[in-house]
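See below for the structure under consideration.
The values are calculated or read from the model by the stated rules, or taken from the named source; none is laboratory data. Please read all numbers here as calculations on a predicted model, not as lab measurements. Every residue, glycine among them, receives a Cβ derived from its backbone with ideal geometry; neighbour counts consider all protein chains shown. In case anyone asks, the SASA skips ligands and DNA or RNA and just uses the protein heavy atoms, side chains included. Shrake-Rupley method; radii C 1.70, N 1.55, O 1.52, S 1.80 Å.
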Amino acid sequence: MPSVTQEQIASLVKLQKIEIEISRLKAELSTVDHRIETLDNNLLEAKQSIENQKSSIDELNQKYRAYESDVQMHLDRIKKSEAKLSASKTNKEYQSSLKEIDDLKDMNSKKEDDMIEFLDRIEEAENVLKAKTAEFSELESKMKTEKDIIQGEAEENRQRLDNLGVEWETVSGSINAEMLAAFNRIKANQTDKIGIVAVKDAVCQGCHLNIPPQMYNELQRGDSLKRCPICERIIYWKDQNKRSE
Ligand SMILES: [Zn+2]
């Protein structure tokens with residue numbers, strides 16, 4: 001391991017922090033599309049529910065009108081049967097016309113009952129539609145607010161990401177090439193892509209295991225690059241009394 005200065009280690013720590021923040025921001029930004037899509041889908045669902053409600057009202061109205069024309073048709077037939085009744089020459093004809101009229105009147109009476117029920121159902125369905133429409137506009141403004149928040153945050157995060165990219169360039173440019181290469185190699189082998197970690201009270205903050213006392217002593221001098229013997233990350237001594245880091 002090459003010998004290093006405190007500043008170089010500090011720069012590496014800084015670089016690692018920038019990279020962690022970049023990953024975090026990228027992960028957060030990657031959820032934006034899905035979050036917006038979910039909001040849009042909520043709205044679409046509510047809209048669909050309104051459309052469905054309108055269709056069922058249309059259906060009820062159609063049924064109502066069909067019954068209405070049935071009733072009208074029956075009334076016409078009743079008139080004809082009444083004409084037949086008064087023109088009937090035999091008792092059989094008379095009885096048959098009378099029965100026709102009774103049957104038609106019965107049918108109409110049932111149809112009219114159904115029509116009253118349809119009117120009730122239409123009124124009920126229209127009330128539901130009204131409620132759904134009100135809910136929709138409430139949802140719409142809520143979704144818009146949420147969308148604005150998400151997009152505003154995303155814009156801020158993109159801005160921060162841009163700034164961090166610039167900062168990353170500066171910091172990585174200030175690090176010794178050999179050390180940077182070692183850092184990148186070590187990082188590549190870690191699942192969390194973290195290549196440098198602090199050691200607090202002789203405990204590696206990467207793997208949470210103790211490092212040997214001799215190494216801990218050397219680490220506190222901070223004049224050479226050390227690696228955790230267990231997780232192999234670059235380690236640095238984190239002074240508990242210092243406020244930084
Ligand atoms: Zn470790």
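Report in % the part of the accessible area of the range 43-123 that belongs to carbon and sulfur, leaving out ligands and nucleic acids; probe 1.4 Å.
51
Debye sum, Cα scatterers, the range 127-198, no solvent: what log₁₀ I/I(0) at q = 0.17, 0.21, 0.22, 0.29 1/Å?
-0.82, -0.97, -0.99, -1.15
Find the Cα radius of gyration of the range 1-147, compare it with 2.2 N^0.38 Å by division, and give the number to two decimals.
Ratio of Rg to 2.2 N^0.38 Å for the range 1-147: 2.46.
How much accessible area per residue does the range 134-245 have, counting only protein heavy atoms and a probe of 1.4 Å, in square angstrom?
Counting only protein heavy atoms, the per-residue value for the range 134-245 is 62 Å².
Taking the Cα centre as origin and putting +1 on Lys and Arg beta-carbons and -1 on Asp and Glu beta-carbons, what dipole magnitude results for the chain, to the nearest 20 debye?
Result for the chain is approximately 820 debye, rounded to the nearest 20.
Quick one: order HIS74, HIS34 from most to least accessible surface, probe 1.4 Å.
HIS34, HIS74
Taking only protein heavy atoms into account and a 1.4 Å probe, give the accessible area per residue of the range 1-65 in Å².
So the range 1-65 comes to 62 Å² accessible per residue, rounded to a whole number.
Report the calculated FRET efficiency for SER23 and SER141 (r = Cβ-Cβ distance, R0 = 41 Å), to the nearest 0.05.
That gives a FRET efficiency of 0.75.
What does the highest-first list of 149-161, 194-206 look like by mean Cβ count within 10 Å?
In descending order of packing, they fall as 194-206, 149-161.
Hey, how much of the P(r) for the chain falls beyond 29 Å, as a percent of Cα pairs?
When every Cα pair of the chain is considered, 63 percent fall beyond 29 Å.
What does the helix-only formula give at 222 nm for the chain: each DSSP H stretch with n ≥ 4 adding -39500 (n - 2.57), the total divided by the residues, and the result rounded to the nearest 500 deg cm²/dmol?
One gets -28000 deg cm²/dmol as the mean residue ellipticity at 222 nm.
Taking the Cβ of LEU29 as the centre, find all other residues whose Cβ is under 14 Å away and add up their charges (Lys, Arg: +1; Asp, Glu: -1).
-2
Would you look at the GNM of the chain, springs on alpha carbons closer than 10 Å, and say which of LYS47, LYS89, LYS144 moves the most?
LYS89
How much FRET efficiency would the formula 1/(1 + (r/R0)^6) give for GLN190 and LYS47, where r is the Cβ-Cβ distance and R0 is 51 Å, rounded to 0.05?
The calculated FRET efficiency here is 0.60.
Lys/Arg Cβ at +1, Asp/Glu Cβ at -1, dipole of the chain taken about the Cα centre: which of ILE101, MET73, ASN210 is farthest positive-ward?
The Cα lying farthest towards the positive end belongs to ASN210.
Give the dimensionless ratio obtained when the Cα radius of gyration of the range 143-245 is divided by 2.2 N^0.38 Å.
Output field value: 1.42.
Quick one: check the C-alpha center-to-center distance for the range 126-159 versus the range 8-84, whole angstrom.
About 13 Å separates the Cα centre of the range 126-159 from the one of the range 8-84.
Suppose every Lys and Arg Cβ carries +1 and every Asp and Glu Cβ carries -1, with no other charges. What dipole size does the range 130-241 come out with about its Cα centre, to the nearest 20 debye?
For this selection, approximately 360 debye.
Over the chain, what is the relative contact order in whole percent, taking alpha-carbon pairs under 8 Å and six or more residues apart?
30
My understanding is that a pair violates if its Cα-Cα distance is over 31 Å; which of LYS63/LYS99; LYS63/LYS132; LYS54/LYS99; LYS54/LYS105 do that in this structure?
LYS54/LYS99; LYS54/LYS105
Based on DSSP H assignment, which helices of the chain show an axial Cα extent of at least 20 Å together with a mean Kyte-Doolittle hydropathy greater than or equal to -0.5?
The qualifying helices are 6-30.
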